[in-house]
Structures are given as structure tokens and as C-alpha cells.
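Structure first, commentary second.
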């Protein structure tokens, strides 16, 4: 596992917005007072959803709220790669899957486009719009190659569709997530090949169960 460190430049302070604080209280209410440190991941995630990344003042605030040493929250933030430890682009955080199924289906071409468009991975572009990184499997192997962009998956990508998605984000648009070949869910290319007859699973062929002799009548549901 690579070493993950906090950004060199940090804000002077951090505070949850009223909207985020309402969600913080929701999560804290889920745990007994003696176990509230269990909310460390949800609270760090709320920090990231609010700011786009996790800064040191936020880590210290979460530690105070959970009444644990700062190192405990720092351990969580630096262990889980879903937490971004540097500021990210305000238009899009692009995470390209480079694991074998995606690599076999063209992920290397997507990575090459990111290098060309954005430069070094893991750092925000000079215009502040984009951050990209290569990640391991995100569980969409049937729809490879794919990329997670902000909160959504973009699947069955080609160099052309990927470039268009980037252009749309750069223009302030919100490209639709999902498959870019029209695939439904994780069906094979060309559509489903099995269970195409609804009668196989809609219950119409189920054998009627005869009532046993002297069986009591079911009680009515109140």
C-alpha cells in the first residue's frame, strides 16, 4: 500500500455547515455514547462531501466530536483511499479503473487521455477543475472499461465517449452516468440471452398447492 500523507497546505480551520451538522447528529445518534467513535467513517465522509477532500482541521474536529485521540481519526483517513487528502477539482474527480478486466478492454487508453488532459495523477489541474487517479477494481467488470466520476459510474467507455464526458464536465454540464453503449445493467452485449420468457419467473407456471385435509383456516391479518 502506498504511503498517504496530508496535504502540505492546510486551511486554518474547518466547520460543518448547518446542513452537514444535521447529518452528523443523525449518525452520532446511531451509536451508544461509549461507542460513538464508530461514526468516524461517516463523519469523515460528510467532511469530504462538504469540502471535496479531508483536511487536518476537519480530522481534529471529528476527533473532538468523537472524544478520541486525533491519531485514531488520522489512521482512518489515511488508510481508506476513498478519502481524498488533497483538494480535488471542482468540476470532476475522475477515478479510472486499471485492473485487469478494464485494462483488457481499453482502460490504458483512458489513462493515456487523462495524462494528456490533466497531467500528473493525484493532483488538481492548474485551472482547479479536474483531479484524476488510477484505482483498483470498483466492481463493474462486466461493463469495462469504466471510471467513477464524482458520485457515479461511467461504463462501457471508449476514447471518444470519454473525451466527450470530459468536455461536458469542463463546460459545466452533468453528463449522464451509466453505460455508454446502451447496455442495461450488466447484461451481455446484445441484450439478455437467458430468462427471456417472463413465464419462467413470473409465477404463472407455479404448481398450485392443494389445501391439506382438516387444515385450519389461516387467521385474518389484523
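Scanning region 158-174 for residues that are without any contact (Cβ under 8 Å) to a residue 24 or more places away in the chain and part of a loop (DSSP other than H, G, I, E, B) gives 171, 173, 174. The set of residues in region 151-164 that are in contact with a strand residue (DSSP E or B) (Cβ under 6 Å, 6 or more places away or on another chain) and under 23 Å from residue 88 (Cα atoms) comprises 154, 155. The residue of region 131-157 that is farthest from residue 187 (Cα to Cα), among those that are touching a helix residue (DSSP H, G or I) at 6+ places or on another chain (Cβ under 8 Å) and in a loop (DSSP other than H, G, I, E, B), is 137. Filtered by the rule that a residue be crowded, with 21+ Cβ neighbours inside 10 Å and within 22 Å of residue 183 (Cβ to Cβ), region 112-143 gives a lone residue, 143. In region 210-218 there is no residue that is farther than 15 Å from residue 145 by Cα, free of Cβ contacts under 8 Å to residues at least 12 places away in the same chain and not in a loop (DSSP other than H, G, I, E, B).
Per the listing 93, 85, 104, 46, the residue uniquely closer than 30 Å to residue 146 by Cβ and free of Cβ contacts under 8 Å to residues at least 40 places away in the same chain is 46.
Only residues that are in a helix (DSSP H, G or I) and over 24 Å from residue 60 (Cα atoms) were counted in region 78-130, giving 17. For region 1-17, filtered to residues that are under 22 Å from residue 123 (Cβ atoms) and surrounded by 10 or more Cβ atoms within 10 Å (Cβ to Cβ), the residue that is modelled with the lowest pLDDT is 4.
The values are calculated or read from the model by the stated rules, or taken from the named source; none is laboratory data. Computed from a predicted model, the values in this text were never measured in an experiment. Neighbour counts run over all protein chains shown; Cβ positions are idealised from the backbone, glycine included.
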